[in-house]
Structures are given as C-alpha cells and as structure tokens.
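J.: One structure, pasted below without further comment.
The values are calculated or read from the model by the stated rules, or taken from the named source; none is laboratory data. Because the structure is a prediction, the values reported are computed rather than measured. Here the Cβ positions follow ideal geometry from the backbone for every residue, glycine too, while neighbour counts run over all protein chains shown.
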Amino acid sequence: MKTLFVVITLMLAGCSVAPTPMTNVESDWADYGQQRAEQGFMKQSESKLAKLDSQGYLNSELYLAYDNGYEQGRQTYCAQSAYMLGVMGKPYRGICERLDPFFYQDYVSGKNSTAGSPF
C-alpha cells in the first residue's frame, strides 16, 4: 500500500510540471509564463527553467518573455476573490503576497468558512 501511495504521488508530481515551450519564439514563452501564473504556480527561476528545457532553447530574452507573461498572469490570478478560492478548496501557493498582502488571509477565511457546505 505504501509503495502504491509513493508511485501515485510521484506520478502526480510529474504531471504538475508542464513542459517548457519547444520553440525559441518569445510569445510562446510569454504564454507559458502567463498560463503558469493563471494556474497559481510560483515563478520559476531561469536556472530551473533551463533544467526543464530539454531542447535548450531558453536564453535571457526568452526568460524575460516568460517573466513578463508570468507577471501578466499573476495580475489576472490575484484579481480573483481569494475568499472564493478558499471556499472552493482550491490550492493557493502564495503568488499574490506582493500584490495583495491580505490575499492569504482572505483565502484562509474562505477555506475555513462553511459557505457552500451542506451543513
């Protein structure tokens, strides 16, 4: 049973890392960053992305495009209701602290509320 749990955990962890773009087109890297942020993932460092980039496309210009896309996606993600994010039981990974210091508190309030509960 323990082995099955480890295998499932590793499979899920592997699924959470989306592959990097397989191009050297800046808009693809910007879209990748934006999508990651809109899903609530933390920004990846240039060295982390370079390790994930199996084709070796990443360079400083592409990382800048990723960074710009990520910041745009972060704005979108952080504009949503943190309270409702918590009510729905969705994960929050801390990407809004710089934009909204109360986001986490609102998220926790929603997570601890009984809104939407049948009881």
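J.: Being assigned to a loop (DSSP other than H, G, I, E, B) and either surrounded by 14 or more Cβ atoms within 10 Å (Cβ to Cβ) or touching a Phe, Trp or Tyr at 6+ places or on another chain (Cβ under 6 Å) (or both): is that true of residue 99 here?
T.: It is false that residue 99 is assigned to a loop (DSSP other than H, G, I, E, B) and either surrounded by 14 or more Cβ atoms within 10 Å (Cβ to Cβ) or touching a Phe, Trp or Tyr at 6+ places or on another chain (Cβ under 6 Å) (or both).
J.: Looking at residue 8 and the list (1) among the hydrophobic types (A, V, I, L, M, F, W, C); (2) at pLDDT below 95; (3) touching a helix residue (DSSP H, G or I) at 6+ places or on another chain (Cβ under 8 Å), which single condition is not satisfied?
T.: Going through the list (1) among the hydrophobic types (A, V, I, L, M, F, W, C); (2) at pLDDT below 95; (3) touching a helix residue (DSSP H, G or I) at 6+ places or on another chain (Cβ under 8 Å), residue 8 breaks only (3).
J.: Quick one: which residue in 85, 64, 49 is in contact with a Leu (Cβ under 6 Å, 6 or more places away or on another chain), hydrophobic (A, V, I, L, M, F, W, C), at pLDDT 95 or above and not in a loop (DSSP other than H, G, I, E, B)?
T.: The unique qualifying residue is 49.
J.: Can you find, within the stretch 15-28, the residue that is nearest to residue 91 (Cα to Cα) among those that are of a type in the set (Val, Ile, Thr) and surrounded by fewer than 17 Cβ atoms within 10 Å (Cβ to Cβ)?
T.: 17
J.: Given the residues 83, 70, which is the only one that is under 10 Å from residue 37 (Cβ atoms) and surrounded by 15 or more Cβ atoms within 10 Å (Cβ to Cβ)?
T.: 70
J.: Give the stretch 29-63 a look and list any residue that's in contact (Cβ under 8 Å) with a residue 24 or more places away in the chain, farther than 30 Å from residue 86 by Cα and surrounded by 15 or more Cβ atoms within 10 Å (Cβ to Cβ), or say none.
T.: Hits for the stretch 29-63 are 53, 57, 58, 62, 63.
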